[in-house]
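*Asks:* Take a look at the following structure, please.
Nothing in this text is a laboratory measurement; each read-out follows from the coordinates by a stated rule. Quick caveat, the model's predicted, so the values are computed rather than measured. Quick reminder, even Gly has a Cβ in these numbers, built from the backbone with ideal geometry, and neighbours come from all protein chains shown.
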Amino acid sequence: MAVNEVLSAPYDPNDAEVMYEIQTYLAWAESQRLPAEEEQTLLTNLPRPLVQWMSALGKRIDTDRYSIGVRLAPRSRRRVIEIIEHAKPERVWHLANQQQILAWLEWYAHSAVVVPEQVSEVVSL
């Protein structure tokens, strides 16, 4: 069974086993978070290559349709570029390296209208 099918299946909030699973997951997810100050520091002091990639993406994609930001990956706590589609906020991409960014841009070029400005400088994360 696909994950999306499981997640979209209705559940009984009165089922003790279901509620236990949900509470267990939420407790685990909370334990993976950094203290707010540490998280803010990591998201404020971005490395130059990451800033350059965000700028390049901002010039290449329709920012009226997509938002670009940075977040910490849940387990690795590594900074990744996050792209969210405004019309479908459940469509989120987390791009952790140059290969993933280039693959996403290739997908985007085939599925959306690309802003004509080209980025000439190659940046590595």
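*Asks:* Which of rounded, prolate or oblate describes the stretch 47-88 when judged by the alpha-carbon gyration tensor and an a/c cut-off of 1.5?
*Replies:* Because a/c hits 1.5 or more and a/b fails to exceed b/c, the stretch 47-88 counts as oblate.
*Asks:* Next up: How high is the relative contact order of the stretch 1-104, given as a whole-number percent (alpha carbon pairs under 8 Å, six or more residues apart)? Could you put the intermediate results ahead of the total?
*Replies:* On the way: 75 pairs, mean separation 15.7, N = 104.
Computed over the stretch 1-104, the figure is 15 percent.
*Asks:* Looking at the calculated P(r) for the stretch 36-111, what percent of the C-alpha pair distances fall above 20 Å?
*Replies:* Working: 838 of 2850 pairs.
For the stretch 36-111, the share of Cα pairs beyond 20 Å comes to 29 percent.
*Asks:* Give me the percent of Cα-Cα pairs in the stretch 8-51 that sit more than 15 Å apart, rounded to a whole number.
*Replies:* So the portion of pairs separated by more than 15 Å is 64 percent.
*Asks:* If I model a spin label at SER111 and MET19 as a point 7 Å from the Cα along the Cα→Cβ vector, what separation in nanometres do I get?
*Replies:* 3.9
*Asks:* Once phi is turned into θ = phi - 60°, what whole-Hz ³J(HN,Hα) does the Karplus curve with 6.51, -1.76 and 1.60 give for every residue of the stretch 84-92, x standing for Gly and Pro?
*Replies:* Residue by residue, the stretch 84-92 yields 10, 7, 4, 5, 9, x, 6, 8, 10 Hz.
*Asks:* Using a simple spin-label model with points 7 Å from Cα along the Cα→Cβ vector, what separation in nm is obtained for ALA9 and ALA29?
*Replies:* Between ALA9 and ALA29, the label points sit 1.9 nm apart.
*Asks:* Sort the following peptides by mean Cβ neighbour count (other Cβ atoms within 10 Å, averaged over residues), highest first: 33-43, 47-57.
*Replies:* Working: 33-43: 11.5, 47-57: 15.5.
Answer by packing, highest mean first, reads 47-57, 33-43.
*Asks:* To the nearest 0.05, how large is the calculated FRET efficiency for GLU90 and LEU46 if R₀ is 35 Å and r is the Cβ-Cβ distance? Display every interim value, and only then the final one.
*Replies:* Numbers: r = 26 Å, r/R0 = 0.74.
The computed FRET efficiency comes out at 0.85.
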